[in-house]
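The values are calculated or read from the model by the stated rules, or taken from the named source; none is laboratory data. Please read these numbers as outputs of a predicted model, since none were measured by experiment. Counting neighbours? That spans all protein chains shown, and the Cβs are built from the backbone with ideal geometry, glycine included. To get the accessible areas, we keep the full protein, side chains included, count just its heavy atoms, and leave off ligands, DNA and RNA. Shrake-Rupley method; radii C 1.70, N 1.55, O 1.52, S 1.80 Å.
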Amino acid sequence: MTYNPFETSRWQLAHGRNLELGPRGVLMAIINVTPDSFSDGGRFADTAAAVAAALRSVEEGAEILDIGGESTRPDAEPVSAEDEQARILPVIAALARETAALISVDTYRAETARLAIDAGAHIVNDVHGLQREPAIAAVAAETGAGLCIMHTGRGRQKLGDVVDDQFHFLDRSLQMAADAGIGRERIVLDPGFGFAKDTEENLELMARFAELHRFALPLLVGTSRKRFIGAVTGRDAAARDGGTAATTALLRAAGAAVFRVHDVAINRDALVMADAMLTAKNSRRDMKP
């Protein structure tokens, strides 16, 4: 049977939670508790500021709050596990008390993931696709966390075809997840826009996005304020939200399920419009004899 990304599925998460995916796009707000993230470093570097920003994002329409304590930009300084945990764990604990929104921890470290779930997180978002610290898969399995597995081209030789490389990398990650006992109902995939991909590769990945539905899993995308949007629009990072919203609408139409963004409000509007168009398209299809 052909996979339909717009049909209802339920992403199973930690602490007995789940999230409906498919019929409508879902927003994940980026909350960087870091001094050096590429577009908002330092804005939410203390617990109170990060919590306040997260709660504003919920009011604007975010259903998931993605909390990260280490910048993933290519030239970022490494952060110790202790520093990462000191940054994010108080934020996660506070949000678990103050909101019913889902909480994601942006980390590749197994111990950080375990502590974050203990503090109230529901989802592990690993930008290394389980392949930097494989023990993180066991943490996800043991805690029942939802898992976002991201593709990256960093630190390895990529295949020449941008979609072939998605399957080359993510098939290995999915096997690692299966070996750890993680069911597919707990997994979404992220093609990793901007992670060791140049402008042409990112645009080709957008153009060929529907090919990724061969994974038969929901797809999360993180294009927000990425360099390739700046290359196309000519805008600096802080002025790329309009371009980001355009990618959100285009990728929603192509079947993406979850959208990781900095500016929730503008991307909410983009999703509302894309979903309205998809509803109209499906209604017309249903009316045909």
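Observations on the model:
- Sum of -39500 (n - 2.57) over DSSP H runs of 4+, divided by residues of the chain (222 nm, nearest 500): -13500 deg cm²/dmol
- Springs join every pair of Cα atoms under 10 Å in this Gaussian network model of the chain, and among 160, 255, 61 the largest mean-square fluctuation is at 160.
- Using a probe radius of 1.4 angstrom, the carbon and sulfur fraction of the accessible surface of the chain is 51%.
- In nm, spacing of pseudo-spin labels at residue 246 and residue 20 (7 Å Cα→C-beta vector): 3.3
- Extended-chain gain in nm, criterion 0.36 nm per residue less alpha-carbon gap, residue 7 and residue 48: 10.9 nm
- The relative contact order of the range 87-224, computed from alpha carbon pairs under 8 Å that lie at least 6 residues apart in sequence, is 20 percent.
- For the range 63-115, the Kirkwood hydrodynamic radius from C-alpha pairs, put into Stokes-Einstein at 4 °C and a viscosity of 1.567 mPa s, yields a diffusion coefficient of 111 µm² per second.
- Among 200, 133, 82, the residue with the largest mean-square fluctuation in a Gaussian network model of the chain, with springs joining Cα atoms closer than 10 Å, is 82.
- With an a/c value of 1.5 or above and a/b larger than b/c for the gyration tensor axes a ≥ b ≥ c computed over the alpha-carbon atoms, the range 202-259 is described as prolate.
- Identified option (computed Cα extents along the principal axes in Å; candidates [x] 52, 47, 34; [y] 60, 42, 40; [z] 79, 44, 35): [y]
- Normalised Debye scattering of the range 75-219 at q = 0.11, 0.16, 0.20 Å⁻¹ gives log10 I(q)/I(0) of -0.43, -0.88, -1.21, counting only Cα atoms as equal scatterers and leaving out solvent.
- Highest-MSF residue in the chain out of 198, 83, 165 [GNM, Cα springs under 10 Å]: 83
- Per residue, the chain exposes 43 Å² of accessible surface when a 1.4 Å probe is rolled over the protein heavy atoms with every protein chain present.
- Model label points for residue 156 and residue 235, set 7 angstrom from Cα along the Cα-to-Cβ axis, are 3.4 nm apart.
- Equivalent-ellipsoid semi-axes of the range 231-289, from the Cα gyration tensor, Å, largest first: 28, 11, 9
- Computed label-point distance, nm, for sites residue 281 and residue 164 using a 7 Å Cα→Cβ extension: 2.9
- Net charge contributed by nearby residues that have their C-beta within less than 12 Å of residue 276 (K/R +1, D/E -1): +1
- Net charge in the neighbourhood of residue 111 (other residues with Cβ under 12 Å of its Cβ; Lys, Arg +1, Asp, Glu -1) is -2.
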